[in-house]
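Colleague: Below you'll find the structure I mean.
The values are calculated or read from the model by the stated rules, or taken from the named source; none is laboratory data. These figures come from a predicted structure and were not determined experimentally. When we count neighbours, we look across all protein chains shown, and the Cβ atoms used for this are built from the backbone with ideal geometry, even at glycine. Protein only, heavy atoms only, side chains kept; ligands, DNA and RNA dropped before computing areas. Shrake-Rupley method; radii C 1.70, N 1.55, O 1.52, S 1.80 Å.
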Amino acid sequence: MVPIMVAVVVLAATGGVAAWRLGARREAGDRTDISAGPSDTPTDTTAGPTPARERIPVRHVVFIVKENRTFDHFFGTYPGADGATEGRTIDGRTVPLRPAPDVHPHDIQHSFAAGLYSINGGKMNGYDTILYGDDLSGYTQFKRKGIPNYWAYADRFVLADAFFSSMYGPTFPEHLYTVAAQSYWIIDNKRTADHPGSYCDDPTEFTAHFREDLTPKQHRLIMNIEEKNMGDNPDLIYAIAKYWENIRTCVDIKALPHLLERRGISWKYYSDVNRWQNALQAIKTIRNDPEMWRKVQRPGMFLRDVREEKLPRISWLVPPEEFNDHPGSGKSVCAGENWTVQQVNAIMRSKYWRSTAIVIVWDDFGGFYDHVVPPHVDIMGFGHRMPALIISPWTRPGVNRDGGSIDSTVYEFSSVLAFIEGIYDLPAMTDRDAAADPLSGAFDFESEPRMEKLVLDYRDDCPYGTFEE
């Protein structure tokens, strides 16, 4: 078939998170007014207030957001996980997932439409219909030898095998979900990239989003269309696209940094500016606030802040372009893995290790195969299943090689925000984080922490990006 391109969570954990979250904040209408002015709570600019729930020992959360991989692509052969070693194509064939190269030869389409085509109404067989997917390069898979350090984290800590991206794709709106539990219904990347600046700094940038005036009936209609076999019937996307309109890539939405700021809880967003992945550059009230924008810093500042013992309570960490694991453009997964190890090693060697939870995710499916049908919760998604690693002394032990566990609780990006909100007794921002499971299956706060560190060596077989201590 010719590739198509259209331009236009269970609360059962013992102890810990689940119980206190439900007791603290499940009112559907409980929303903080970000225009109400600063909180009267005294502010410690380097740390922030002690969490309200004293028996939750996590004080620091580091949310690392990488790029464009699926669970089956990275961990489909991991022992005990829900993985697959073969995939189905649109014409009914079953093909093996071939060994994945360290440097993928090209990008694969991973738009909102491509997400729907590949899911194909739950058949999970449309990956060869999306642009640049017809060569079956999306039907590939790493094993331990190809990403040994990512697998080592799974051996020792938590590998989540039911963690989904928040929407069908692509990068820009997915990253909005990682900070705001919504994308303002945006379904696409920016349409132009030929002017200086980006998002709120470029008045020429527009993107598509679902109209805000959609009725409940129209939402149901769109949901129904999304559940049809869109890979077999790609023109169905036009029945959805008529509900889209173009808007500026500079939006006025509430994000978790607004809530943290009001409560005096320290935070930083480590990301290069003028990049596709910098979500806070697209949120008007953050980009135009000098004090808040000061906390958006380049990724290299994260290691400095750890070393100088200035790590904020909440950190978003978006890798530099060459280390983000995005396929194509000569990028090496090996080099990206080394970068990740560098960040995690720094935390483990620091005074913050005992009090920190690190969550590593990949932002969308990138065109790669996964066999699990995503839950369909609203017109945005969920999207495909992501690799997700949760690293902390407080993670739940299990039967993985070095005592780690598989967590099959259903999560999405909003689950990480819900986890943070629960620790600090913050209100939900949207229906998504209100409903999201707050990583309840990943932690055991009733037992003593497993403080043994897993400081890993860098790989020396990367084409670039081998680090020195």
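Colleague: Can you give me the C-alpha center-to-center distance between segment 67-118 and segment 253-326, rounded to a whole angstrom?
Modeller: For segment 67-118 versus segment 253-326, the Cα centre distance is 31 Å.
Colleague: Please report, in whole Å³, the volume per residue of the convex hull around the C-alpha atoms of the chain.
Modeller: Spelled out: Cα convex hull of the chain, divided by residues, is 136 Å³.
Colleague: Points 7 angstrom from Cα along the Cβ direction at GLU308 and ASN274: gap in nanometres?
Modeller: 2.4 nm
Colleague: Sticking with this structure for a sec: For segment 142-154, take each phi angle, set θ = phi - 60°, evaluate the Karplus expression 6.51 cos²θ - 1.76 cosθ + 1.60, and give the result in whole Hz per residue in order, putting x for glycine and proline.
Modeller: So the J values, rounded to whole Hz, are 8, 10, 3, 4, x, 9, x, 7, 4, 5, 5, 5, 5.
Colleague: For the ranges 109-120, 246-257, what's the packing order if you count other beta-carbon atoms within 10 Å of each residue, average per peptide, and put the highest first? It would help to have the intermediate numbers written out before the result.
Modeller: Numbers: 109-120: 28.2, 246-257: 19.7.
Top to bottom by mean Cβ count within 10 Å: 109-120, 246-257.
Colleague: Could you give the accessible area per residue of the chain, probe 1.4 Å, as a whole number in Å²? Write out the running numbers ahead of the final one.
Modeller: Working: 17070 Å² over 469 residues.
Per-residue accessible area for the chain comes out at 36 Å².
Colleague: Can you list residues from other chains, or at least 5 along the same chain, whose modelled amide H is less than 5 Å from the amide H of ASP363?
Modeller: LYS66, GLU67, ASN68, ARG69
Colleague: Helix-only estimate, please: 222 nm mean residue ellipticity of the chain, summing -39500 (n - 2.57) across DSSP H runs of length 4 or more and dividing by its residues, to the nearest 500. Present the calculation step by step, with values, prior to reporting the outcome.
Modeller: Values: 14 runs with 111 residues, N = 469.
The helix-only estimate for the chain comes to -6500 deg cm²/dmol at 222 nm.
Colleague: Next question, about the same structure. Looking at segment 283-317, which trypsin sites (Lys or Arg not before Pro) are DSSP coil and have at most 10 other C-beta atoms within 10 Å of their C-beta? Before the final figure, lay out the partial values.
Modeller: Numbers: sites: LYS284, ARG287, ARG294, LYS295, ARG304, ARG307, LYS310, ARG313; in loops: ARG294, LYS295, LYS310, ARG313.
Filter output for segment 283-317: ARG294.
Colleague: Amide H to amide H under 5 Å from TRP267: which residues, 5+ apart in sequence or cross-chain, H placed 1.01 Å off N in plane?
Modeller: Here the answer is ARG313, ILE314, since their amide H atoms fall under 5 Å of that of TRP267.
Colleague: On a straight-distance basis, which lysines could pair with LYS310 in a cross-link, Cα separation under 19 angstrom, same-chain partners fewer than 8 positions away excluded?
Modeller: In chain and number order, the partners are LYS268, LYS295, LYS351.
Colleague: Counting only protein heavy atoms and using a 1.4 Å probe, what share of the accessible area of the chain belongs to carbon plus sulfur, as a whole percent? Mind dumping the intermediate values first?
Modeller: On the way: 8640 of 17070 Å².
For the chain, the apolar C and S fraction of the accessible surface comes to 51 percent.
Colleague: Quick check: convex hull of the Cα atoms in segment 216-305, volume per residue, rounded to a whole Å³?
Modeller: Working: hull volume 15.2 nm³, N = 90.
With only Cα atoms used, segment 216-305 gives 169 Å³ per residue.
Colleague: Sticking with this one: Using amide H atoms built 1.01 Å from N in the peptide plane, name the residues 5+ places from ASN229, or on other chains, whose amide H lies under 5 Å from its own.
Modeller: Here the answer is none, since no amide H 5 or more places off falls under 5 Å of that of ASN229.
Colleague: Any lysines with Cα under 28 Å of the LYS228 Cα? List them, leaving off those in the same chain fewer than 8 positions away.
Modeller: LYS123, LYS190, LYS217, LYS242
Colleague: Applying the Karplus parametrisation 6.51 cos²θ - 1.76 cosθ + 1.60 with θ = phi - 60° to the phi angles of segment 439-452, what ³J(HN,Hα) value in whole Hz is obtained for each residue in order, glycine and proline being reported as x?
Modeller: Each residue's phi maps through the Karplus curve to give 6, 5, x, 8, 10, 10, 8, 8, 9, 5, x, 8, 7, 4 Hz.
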